[in-house]
Amino acid sequence: MVFNTGAALLDAIVLAAVSQEEDGLYGYKITQDVRKVIDLSESTLYPVLRRLQKDECLAVYDREFAGRNRRYYKITDKGAAQLALYKEEWCSYSAKISAMFAGRITR
């Protein structure tokens, strides 16, 4: 993709992915889901997850799977509120850009 993905958009995409599952998602699954919409490496994802956890938008817990622990990330109430704000802002922003591309901006 030729457009850069800033921190706020990465946060919004990760929160949206994690919010899809009530019990949360583990890191590798988040990476796979996010890669369906943008190119993202695990080395980019994990700092985003840590930041969202620090900001109390994600809760973290471990669950055993096949003899190993998987770290799961679950959206919090604060994270859901932040995601709602991101969605609202995205709808407005993308509508304006689409209108500009379509030549529908009036002077």
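The values are calculated or read from the model by the stated rules, or taken from the named source; none is laboratory data. Just so it is clear, the model here is predicted, and its values are computed rather than measured. Because the Cβ atoms are built from the backbone with ideal geometry, glycine has one as well, and the counts that use them run over all protein chains shown.
From the list 42, 64, pick out the single residue that is surrounded by 10 or more Cβ atoms within 10 Å (Cβ to Cβ) and either modelled with pLDDT under 95 or basic (Lys, Arg) (or both).
On the way: 64 fails: surrounded by 10 or more Cβ atoms within 10 Å (Cβ to Cβ).
Going through 42, 64 in turn, just one is surrounded by 10 or more Cβ atoms within 10 Å (Cβ to Cβ) and either modelled with pLDDT under 95 or basic (Lys, Arg) (or both): 42.
So residue 36 fits all but one of (1) over 20 Å from residue 86 (Cα atoms); (2) of a type in the set (Lys, Arg); (3) outside any helix (DSSP H, G or I); what number is the exception?
So the condition that residue 36 fails would be (1).
Going through the range 8-33 one residue at a time, which ones are over 17 Å from residue 65 (Cβ atoms) and either among the aromatic types (Phe, Trp, Tyr) or not in a helix (DSSP H, G or I) (or both)?
The answer is 20, 22.
Can you pull out the residues in the range 89-107 that are on the phi > 0 side of the Ramachandran plot and assigned to a helix (DSSP H, G or I)? Step through it out loud before you land on a result.
In the first step, residues of the range 89-107 are kept if they are on the phi > 0 side of the Ramachandran plot; the result is 103.
Across the range 89-107, there are no qualifying residues.
Tell me the residue from 61, 86, 73 that is outside any helix (DSSP H, G or I) and under 10 Å from residue 15 (Cβ atoms), please.
Step by step, each of 61, 86, 73 is checked, and only 73 is outside any helix (DSSP H, G or I) and under 10 Å from residue 15 (Cβ atoms).
Quickly run through the range 45-54 and pick out the residues that are surrounded by fewer than 17 Cβ atoms within 10 Å (Cβ to Cβ) and free of Cβ contacts under 8 Å to residues at least 40 places away in the same chain.
Once the filter is applied, which keeps residues that are surrounded by fewer than 17 Cβ atoms within 10 Å (Cβ to Cβ) and free of Cβ contacts under 8 Å to residues at least 40 places away in the same chain, the range 45-54 yields 46, 47, 50, 53, 54.
What pairs come out if I take residues in the range 7-30 that are more than 14 Å from residue 47 (Cα to Cα) and pair them with residues that are crowded, with 20+ Cβ neighbours inside 10 Å and among the small types (Gly, Ala, Ser) whose C-beta lies under 7 Å away, six or more apart or interchain?
Cβ pairs passing all conditions: 18/24; 25/17.
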